[in-house]
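Below: one structure, written as structure tokens.
The values are calculated or read from the model by the stated rules, or taken from the named source; none is laboratory data. All values derive from a computational prediction rather than experimental measurement. Every residue, glycine among them, receives a Cβ derived from its backbone with ideal geometry; neighbour counts consider all protein chains shown. Each accessible area value is taken on the protein alone, full model and side chains, heavy atoms only, with ligands, DNA and RNA left out. Shrake-Rupley method; radii C 1.70, N 1.55, O 1.52, S 1.80 Å.
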Amino acid sequence: MKIRLFSCSLLCLIAILAMCVSVSAKEKLGRGMVALEREDGSLFLSWRLLDSDPGDIAFQIRRREPRSNRGDFTVLTGEKPHRQTNIVDRNPAKRTHVYELHQSSTKKWPKTSRRLARIRAPLSGAAKSYISVPLQGDYDFQKVGIGDLDGDGEYEYVIKQPNFNTDPYQQPGYWKRSTTTYKLEAYRPDGTMMWRYDMGWAIEAGIWYSPWIVYDVDGDGKAEVYCKAGVGDPREEAGHVKTGPEFLAKIDGETGKVVAKTPWLSREGFSKYNYYCRNFLTVAYLDGKEPSLVMQRGTYRLIKSQALDKGFNQIWYWQSTQEDEKYGGQSSHGLITADVDEDGRDELVIGAAVIDDNGKGLWTLQMGHPDVCYVADIDPANPGLEVFYGLESRQKTDGICLVDAKTGRKLWALKEPTYHLHGQGMAGDILADRPGMEVFVGERDYKKRWLHAANGDLIQFLETGSLTPRPVSWDADPQKEVALSGAIRDWGGEAIQPLRGRVIAVVDCLGDHREEVITSLKGEMRIYTTTIPSSDRRVCLMQDHQYRLGVVAQTMGYYYPAQLGK
């Protein structure tokens, strides 16, 4: 009996160890340290807290002259342990300084320390709330992908330019002939261009035709770029691409060279151009351990989906007709990766339907295509995650609704007709006096706008305003602000931070746990980052699994701000 118990325990231990070995290494992040001048002449510094940091970690900031001896420095954090992930240098000299971030322990402070990061801060005497990344020409860009392309622990930026878009819908005012080809360009934060990849004339210049993502799928510690690709110039006389081979291409993140290809999902079975020209691409941890690639073709009727491992081997294939017609036409403008059933494996929220990690349908609303779709812990009163919807298709009722992400059960819905809910809407905790998150959506042509509380209470009804306010974690309170009307502001409030350029993304890519706003100007990418001190101590958002994969998905379809999974 004892031998059997020992054998069972040993086998269990071996199984646990095997699971630990098989789990892919997490993205290895550095401290993302940033230093910016403020209007009062002080210097704001912030850095990342990582989920691997010990609970008693404390920080020390040392300021040095650029050429000073190692022992010649000024400690800005004082004699007590500094647990926050930001600090203000109130009296910086008006010249370049080197700031060093050191790690210590609250128990051993200040006897031991280890340098974590170092940044050179040239002081000009002019306040600047953004980092400027110059581009290689007088153009703007449409999308930005974020990943560590060279394995140094800090993010690089891949843009898709120019900002031209056309839609496959064959009605006047929608589809336009492409005037140029899309280019993907990789930049370091200092503006150094790493490479340029031309997507070519086989990829029409529209979001639906050109899905691409940035992520380390192969596990070598360096992010790759994956994109839809074609061959040559297969355009018809009018400019449509209806024939020719199609591929998923893997691009080396350091060099920009194509290193592998596999066939894209076929056009077969789609009734017309408008339906087969709608494509998506994302990453999901379908087994809970390793990243997989997921391609999708189709939105409004037939939908095809294929999951691939890092070697482009098929994991599963799914199409809407395999289940029943209830899954057809349920897709949104993007794919959301989330563990909706809490089994440790990712599902795909394709829109008003969910595909389980095993490539089988989990549930469907049968309500058609949603323009607005967010997955998050929106309502704290409901266990697990929820999905917020705004349906594009005309509905007699329930066109705005919140559903349980595990089952698709409606928690509440707007009980009046809707005609064409449009844009990306919003889901974010923007009001302190309401529990959970607030959700926002509007009609395309009828100027109606609804802001609901997490429990479904109507907070505000408007007949004008943006359809796409971008929630952003910016100041020192727990609520989010919004990037709206050329500035970051509290909901309904005055501007806190003016913004120049078109907002491309909101993402925690630098400094502490608060988010940056990336904008596009002619010849320039700007990364706006907060200079407001905060005593809050939180792990950087990019180490939240759902948030990180939400950032990955932002380049493959319409833009939807990433949401936390916990």
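Here are the numbers:
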quantity	calculated
Point-charge dipole on Cβ atoms (K/R +1, D/E -1) for the range 55-107, about Cα centre, debye to 20	140 debye
Fraction of accessible area attributable to carbon and sulfur, the chain (%, probe 1.4 Å)	50 percent
Efficiency of FRET between GLU79 and LEU458 - r from beta-carbon atoms, R0 41 angstrom, step 0.05	0.20
Accessible-area order (highest first, 1.4 angstrom probe) of the listed residues TYR446, TYR155	TYR446, TYR155
Modelled FRET efficiency - R0 35 Å, ALA487 with SER271, Cβ distances, 0.05 increments	0.15
Whole-Hz ³J(HN,Hα) from phi, Karplus 6.51 cos²θ - 1.76 cosθ + 1.60, for the range 343-359, glycine and proline x	9, x, 10, 7, 9, 10, 8, 7, x, 8, 7, 10, 9, 6, 4, 8, x
Phi to ³J(HN,Hα) by Karplus 6.51 cos²θ - 1.76 cosθ + 1.60 over the range 420-433, Hz, x for Gly, Pro	7, 5, 9, x, 9, x, 6, 9, x, 7, 10, 10, 6, 8
Mean residue ellipticity (222 nm) of the chain, computed from DSSP H runs ≥ 4 via -39,500 (n - 2.57), nearest 500	-2000 deg cm²/dmol
With all protein chains modelled, accessible area of LYS108 [1.4 Å, Å²]	120 Å²
Charge dipole (debye, nearest 20) of the range 215-366; +1 at Cβ of Lys and Arg, -1 at Cβ of Asp and Glu	780 debye
Accessible area (Å², per residue) of the chain, counting only protein heavy atoms and a probe of 1.4 Å	42 Å²
Cα-projected label distance for LYS94 with TYR446, points at 7 Å along beta-carbon direction, nm	6.0 nm
Sequence of MET556, MET437 from largest to smallest accessible area, 1.4 Å probe	MET437, MET556
Part-to-part distance (alpha-carbon centres) for the range 72-122 and the range 421-445, which is given in Å	40 Å
Equivalent ellipsoid, the range 179-234 (semi-axes from 5 times Cα gyration tensor eigenvalues, Å)	23, 15, 9
Ordering of 459-469, 508-518 by packing [mean C-beta count within 10 Å, highest first]	508-518, 459-469
Built amide H within the under 5 Å cut-off of GLY147, gap 5+	GLU156, VAL158
C-alpha long axis of helix 2-22 to longest principal axis of the chain, angle in °	90 degrees
Cβ-Cβ FRET estimate between ASP198 and GLN170, R0 fixed at 25 Å, reported to 0.05	0.40
Separation in nanometres of the label points that stand 7 Å from Cα toward Cβ, at ASP433 and LYS396	3.8 nm
By accessible area with a 1.4 Å probe, ligands and nucleic acids excluded, highest first: order of HIS420, HIS102	HIS420, HIS102
For peptides 198-204, 130-136, sequence by mean Cβ density within 10 Å, most packed first	198-204, 130-136
Spin-label model distance (nm) - ARG115 vs LYS128, 7 Å beyond Cα toward Cβ	2.4 nm
For the chain, projected area of the alpha-carbon convex hull averaged over all directions, nm²	30.0 nm²
Local net charge near LEU411, Cβ-Cβ under 10 Å (Lys/Arg +1, Asp/Glu -1)	-1
Using θ = phi - 60° and Karplus 6.51 cos²θ - 1.76 cosθ + 1.60, couplings along the range 259-272 (whole Hz; Gly, Pro as x)	10, 6, 9, 8, x, 7, 4, 6, 7, 4, x, 8, 6, 7
Stretchable slack from LYS522 to SER52, in nm (0.36 nm times residue separation minus alpha-carbon distance)	165.3 nm
Extension gain (nm, one decimal) between THR180 and PHE312, 0.36 nm per residue minus Cα-Cα	44.5 nm
Check: the range 235-303 dipole with +1 on Lys, Arg Cβ and -1 on Asp, Glu Cβ, in debye	240 debye
